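Just so you know, all these numbers are worked out from the coordinates, no wet-lab data involved. Predicted model, so just to flag it, every value in this text is computed and none were measured. Here the Cβ positions follow ideal geometry from the backbone for every residue, glycine too, while neighbour counts run over all protein chains shown.
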Amino acid sequence: MKQLALFVTLLCVSFGYSQTADFTTPNFNICINDCIDFTDASTGTNISTWDWTFNGADTPTSTNQNPTGICYSTAGTFDVTLTITDDNGTNDITYQVTVSNCATGPTAAFTADTLKVCKGDCISFTDLSTGDPTSWSWTFTDAEPEMSNVQNPQNICYDSAGVFDVTLNITSDTGSDQIISTVIVEDLPIIEGYGDTIIDIGGAALIEANPIDPGIFFWDPADDLDCSTCYDAIATPLLTTTYYPSLEGLNGCIGRDTVMVYVNFEEIVEVPSAFSPNEDGLNDTLKVLGLGITEIDFKIFNRYGQMVFSSTELDEGWDGTMNGETLNQGVFVYTLRYSLIDGTEGEKSGNITLIK
């Protein structure tokens, strides 16, 4: 008897989803106004769509596979959901992004062109605060002005010696801050001046100084003085002049007083009516004469109207020649325009006799 063997092969087929949604991002914890790039990490068969939802973001949705520049302007914890679709259906995944207010308050800071000055000096301040301040409030103790709301106040002046506070308060959208510094104002050395007087133009006056404190003495200005570092000096100004006896103290500050020399200014501009260029050393050259003359335009003509001499230099005179040739005795005509040290301008004309 024959036996038959029957072999049965069972084929088991499993049905189910084969796609898995997933994504990555460099950081799920960010600050307000930061932006994120998302990268799809899904698996599946012929994924055809990517549907993103960004709760709380400025861009709420996207259908890009790898959306970039998703920004958050509000603090909080927000869902990010990716739904994918492939040949076998759909799948989704959700992660959370945490958005924090990372901003810190502002930090007050400033600098100045100097924080140590002499009485009567002024200082300019420059704001160096960080954190985007929107307002500035300065207080300058015992200064002029005492307050300012500009960012970089200029010309803050101190008329009293001492140590004084400078306070800066700032505010921003994220808070406020304060900084206090000090300004040292040094006193001026004391000096006294004497000798206020009145002189005629061309005259001289004695001016005197008496330093009370130690230091280096000098007169300012030094013009028309026989000695600019002597306590007693002879002044010969052509115009009324204020002289400042000055003393630089041990602290580097300069104290001053004033001495006034008033000048009776009388216009004196003359051209001699005759001269004798005979090389005897007397009256050989014709020049414009006067005090306080700053500019001249001096011309001399013969009787035919020919110009025999011209000059704009006060020290330059006519020697009685024309083009190197000695001229004969005769009468000549001059014209003169001039300016004086006090700003006065004038004109003169007349005759000159050349004598042999």
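Taking 8 Å as the Cα distance limit and 6 or more residues as the minimum spacing, I'd like the relative contact order of the range 75-228 as a percentage.
Working: 293 pairs, mean separation 27.8, N = 154.
Result for the range 75-228 is 18 percent.
For the Cα trace of the chain, dividing Rg by the Kirkwood Rh returns an Rg/Rh value of 1.52.
So for the range 258-356, what are the equivalent ellipsoid semi-axes in whole Å, largest first, each being the square root of 5 times an eigenvalue of the Cα gyration tensor?
They are 29, 15, 11 Å, listed from largest to smallest.
Shown here for the range 273-356: chymotrypsin sites (Phe, Trp or Tyr not before Pro) in loop regions (DSSP other than H, G, I, E, B) with at most 10 other Cβ atoms within 10 Å, namely 304.
Based on the Stokes-Einstein relation at 4 °C and a viscosity of 1.567 mPa s, and on the Kirkwood radius from alpha carbon pairs, the range 194-239 is assigned a translational diffusion coefficient of 115 µm²/s. For the range 183-192, backbone phi angles converted through the Karplus equation (6.51, -1.76, 1.60; θ = phi - 60°) give residue-by-residue couplings of 10, 9, 10, 7, 6, 8, x, 9, 9, 10 Hz, Gly and Pro being listed as x. Full extension of the chain between residue 348 and residue 242 gives 34.9 nm of extra length, using 0.36 nm per residue less the Cα-Cα distance. Look at where the Cα atoms of the range 220-240 and of the range 139-166 average out, and the two centres are 37 Å apart. Against the compact-protein benchmark of 2.2 N^0.38 Å, the Cα-based radius of gyration of the range 23-100 scales to 1.09. For residue 36, the residues 5 or more places off, or on other chains, whose built amide H falls under 5 Å of its own are 69, 70, 71.
A simple charge model with +1 on the Cβ of Lys and Arg, -1 on the Cβ of Asp and Glu and nothing else charged puts the dipole of the chain at about 1580 debye relative to its Cα centre. Can you give the longest run of the chain that contains no GluC sites (Glu not before Pro) sitting in a DSSP loop with at most 10 other Cβ atoms inside 10 Å? Between exposed loop sites, the widest span is 1-265.
Taking amide H atoms as placed 1.01 Å from N in the peptide plane, the amide H of residue 157 lies under 5 Å from those of 123, 144, each 5 or more residues away in sequence or on another chain.
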